[in-house]
1. In this structure, does residue 49 turn out to be free of Cβ contacts under 8 Å to residues at least 24 places away in the same chain, more than 23 Å from residue 117 (Cα to Cα) and surrounded by fewer than 17 Cβ atoms within 10 Å (Cβ to Cβ)?
2. Only residues that are free of Cβ contacts under 8 Å to residues at least 12 places away in the same chain and among the charged types (D, E, K, R): list them for segment 75-107, please.
3. Restricting attention to segment 25-37, and to residues there that are small (Gly, Ala, Ser) and surrounded by fewer than 19 Cβ atoms within 10 Å (Cβ to Cβ), which single residue is farthest from the chain's Cα centre (by Cα)?
4. Go through (1) more than 12 Å from residue 121 (Cα to Cα); (2) surrounded by fewer than 19 Cβ atoms within 10 Å (Cβ to Cβ) and name the single condition residue 40 misses.
5. Take segment 106-142 and flag every residue that is outside any helix (DSSP H, G or I), within 12 Å of the chain's Cα centre (by Cα) and charged (D, E, K, R).
6. Kindly provide the set of residues from segment 92-130 that are buried (at least 20 other Cβ atoms within 10 Å of the Cβ), under 20 Å from residue 42 (Cβ atoms) and among the aliphatic types (A, V, I, L, M), ordered by number.
7. Among the strands (runs of 3 or more DSSP E) confined wholly to segment 23-91, which include 1 or more residues that are farther than 22 Å from residue 136 by Cα?
8. Do you know which of the residues in segment 1-24 that are surrounded by fewer than 16 Cβ atoms within 10 Å (Cβ to Cβ) and among the small types (Gly, Ala, Ser) is nearest to residue 51 (Cα to Cα)?
Amino acid sequence: MTEPTLRQSQAAVALIRVRDDAGWKYLCRWSLSWQAFHFVGGHREGVESFHDCAVREVLEELPVAPADVSVATEPMAHLEYVAFSESARQPTHYVMEVFKTDLSVDALRDKVEPRPENRWVSRDEIRAGRAVYGIRVRPPADLILSKLGL
């Protein structure tokens, strides 16, 4: 008898952050399906590289032009771990790469920050799993930052 195969998930995360007087803040987006904030990113499609996935996800999720975006060529980290998937409701083997991503000052100010689904979230809020007004932050955000040592 063979053991059941774990569900697989391969994704890229575009880690966008700024530093202010209070420390680092991370750009998170509201997910209607998860009812929570999470980083910009998503699943790889076909034979797409992790890097290309990160670029595509930024352009799909944020109202920015390609000229507004700079995604590092090399990942900050290649992460592999097993965790329970809320959406699939089963243990899942996650493989993801996290890329440092910068947006132009104009794009942030004029296109990203004014939209209510985008929020700067502090490390403490991510660790607590709650952002402004107690709105939920998905637990994988804390796991990703912890694995990065941030």
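Readers should treat all values here as calculations from the given coordinates under stated rules, not as data from a laboratory. The shown structure was predicted, so the numbers you read here are calculated from the model rather than taken from an experiment. Here the Cβ positions follow ideal geometry from the backbone for every residue, glycine too, while neighbour counts run over all protein chains shown.
1. It is true that residue 49 is free of Cβ contacts under 8 Å to residues at least 24 places away in the same chain, more than 23 Å from residue 117 (Cα to Cα) and surrounded by fewer than 17 Cβ atoms within 10 Å (Cβ to Cβ).
2. Matches in segment 75-107: 89 only.
3. The qualifying residue farthest from the chain's Cα centre (by Cα) is 33.
4. Against the list (1) more than 12 Å from residue 121 (Cα to Cα); (2) surrounded by fewer than 19 Cβ atoms within 10 Å (Cβ to Cβ), residue 40 comes up short only on (2).
5. Residue satisfying the conditions is 138 alone.
6. 96, 98, 103, 112, 121, 126
7. Result: 69-71, 77-85.
8. 23
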